[in-house]
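These notes are about the structure you will find just below.
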Amino acid sequence: MRKKTVYILAFFLILGSILGYNYYQKIFGEAIIKETILFVNSTDTLVDIKTKIEDVSKNPNTFLWVAAKKNVEKPKVGRYVLKKGMSNNDLVNMLRSGWQTPLKLSFNNQDTLEKLAGRIAQQIAADSISLITSFKDKEFLSKNNLTEKSVLQIFIPNTYEFYWTVTPEKFRTKMLVAYKRFWNESRLKKATALNLSKDEVITLASIVQKETAQNSERPIVAGLYLNRLKKGIPLQADPTIIYCVKAVKGQDYVVKRVLTSDLEINSPYNTYKNRGLPPTLIAMPDISAIDAVLNPTKHNYYYMCASVDKIGYHEFAKTLTQHNRNAAKYQRWLNKQRINR
């Protein structure tokens, strides 16, 4: 009888150990076998989550079992990075508490608010329409002395950290804070030394941005336009004419050549007909273009023309006679390439 009792006790101890081990493994053992990113939408149920993790989970059914044991009924919306080796307990706690992993959101220079919103909507949960609505909110614009045309300037192309679920309003606010931080004391002093406001620097930078893609050329181009501003000479910047043409024809209209007739467009953005800077920026300048304006190259150039000898660059001139020679050479090249528009 004593031996029989020992065997029975041993059996139950072993059985209890096996059950305890299995129970422990379901809750605390490795559940995620490969790192992945899990997106949880507002309509997702726990069953939906089980389906989404099937390819990276040892046994997705145990996830539902643990969630039930912890009385979790609905996962919180978010973007979650699931690490290899995570347990179901870790996963359920993460989804119950909304412990999201921030993402690196980036955007380059965009021509319009619509294009910017589309780029942002590809990276966070908010859609482009809600973002546009937020950017154009009249109360926000009025409070910050902005307009629907000038608000584009608060978005400095860079990489930022956000949660996937950030609201359009919080996104907008963080961009404004980053913009104000960008205009540190050093940049403000440089703008003052040029006798330009922040808005004017951004506006000129947007022209420089569109004028040349070469970072090495941007301080030279900025210096040229500043020379013309000081002399009271119209900027005669082709990017502003292209901006005017697109305002009429549409943003997708391709302009490879500015025509003489384009110079007669009646618009405050036409820098051939109007002296000084246009009312607002014509596109989103990146940091290199802004800093090029704040740190211009000092020279005596007043004219520039696209180079046919070094495509993508420009020929700079101090006199109109020299410029006319460069321009004639460029026009002949355009004709030879059959670029009529």
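The values are calculated or read from the model by the stated rules, or taken from the named source; none is laboratory data. Please read these numbers as outputs of a predicted model, since none were measured by experiment. Counting neighbours? That spans all protein chains shown, and the Cβs are built from the backbone with ideal geometry, glycine included.
What residue, among those in the stretch 24-47 that are part of a helix (DSSP H, G or I) and surrounded by 13 or more Cβ atoms within 10 Å (Cβ to Cβ), is nearest to the chain's Cα centre (by Cα)?
Of all residues in the stretch 24-47, those part of a helix (DSSP H, G or I) come to 24-28, 46-47.
This time we only want the ones that are surrounded by 13 or more Cβ atoms within 10 Å (Cβ to Cβ), so: 25-28, 46.
Numbers: Gln25: 43, Lys26: 42, Ile27: 40, Phe28: 39, Leu46: 33 Å.
Top of the filtered list is Leu46.
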Looking at the stretch 118-129, I want the residues that are crowded, with 17+ Cβ neighbours inside 10 Å and have a partner that is in a loop (DSSP other than H, G, I, E, B) and among the aromatic types (Phe, Trp, Tyr) with Cβ atoms under 7 Å, at least 6 apart or on another chain. Which pairs are those? Ile124/Trp164; Ala125/Trp164
Only one of Lys256, Lys273 is of a type outside the set (S, T, N, Q), surrounded by fewer than 21 Cβ atoms within 10 Å (Cβ to Cβ) and either at positive phi or in contact (Cβ under 8 Å) with a residue 40 or more places away in the chain (or both); which? Lys256
Flagged pairs (Cβ under 9 angstrom, 6 or more apart or on separate chains; first in the stretch 30-50, under 16 Å from Pro102 (Cα atoms); second polar (S, T, N, Q)) are Ile37/Thr101
Determine if the stretch 88-96 includes at least one residue that is surrounded by fewer than 16 Cβ atoms within 10 Å (Cβ to Cβ) and under 23 Å from Lys50 (Cα atoms). yes
Among the residues of the stretch 207-215, are any hydroxyl-bearing (Ser, Thr, Tyr) and farther than 24 Å from Glu114 by Cβ? yes
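Being surrounded by 14 or more Cβ atoms within 10 Å (Cβ to Cβ) and either modelled with pLDDT under 95 or within 23 Å of Tyr163 (Cβ to Cβ) (or both): is that true of Val56 here?
On the way: surrounded by 14 or more Cβ atoms within 10 Å (Cβ to Cβ): yes; either modelled with pLDDT under 95 or within 23 Å of Tyr163 (Cβ to Cβ) (or both): yes.
Yes: the conditions hold for Val56.
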With the requirement that a residue be of a type in the set (A, V, I, L, M, F, W, C) and over 16 Å from Val151 (Cβ atoms), what does the stretch 175-200 give you? Leu188, Ala191, Ala193, Leu194, Leu196
Only listed residue being closer than 30 Å to Pro239 by Cα and touching a Gly at 6+ places or on another chain (Cβ under 6 Å), chosen from Ser128, Ser142: Ser128
Given (1) farther than 24 Å from Ser128 by Cβ; (2) over 25 Å from the mean Cα position of the chain (by Cα), Ser216 misses just (2)
Give the stretch 211-253 a look and list any residue that's more than 22 Å from Lys190 (Cα to Cα), among the basic types (Lys, Arg) and buried (at least 17 other Cβ atoms within 10 Å of the Cβ), or say none. Lys246
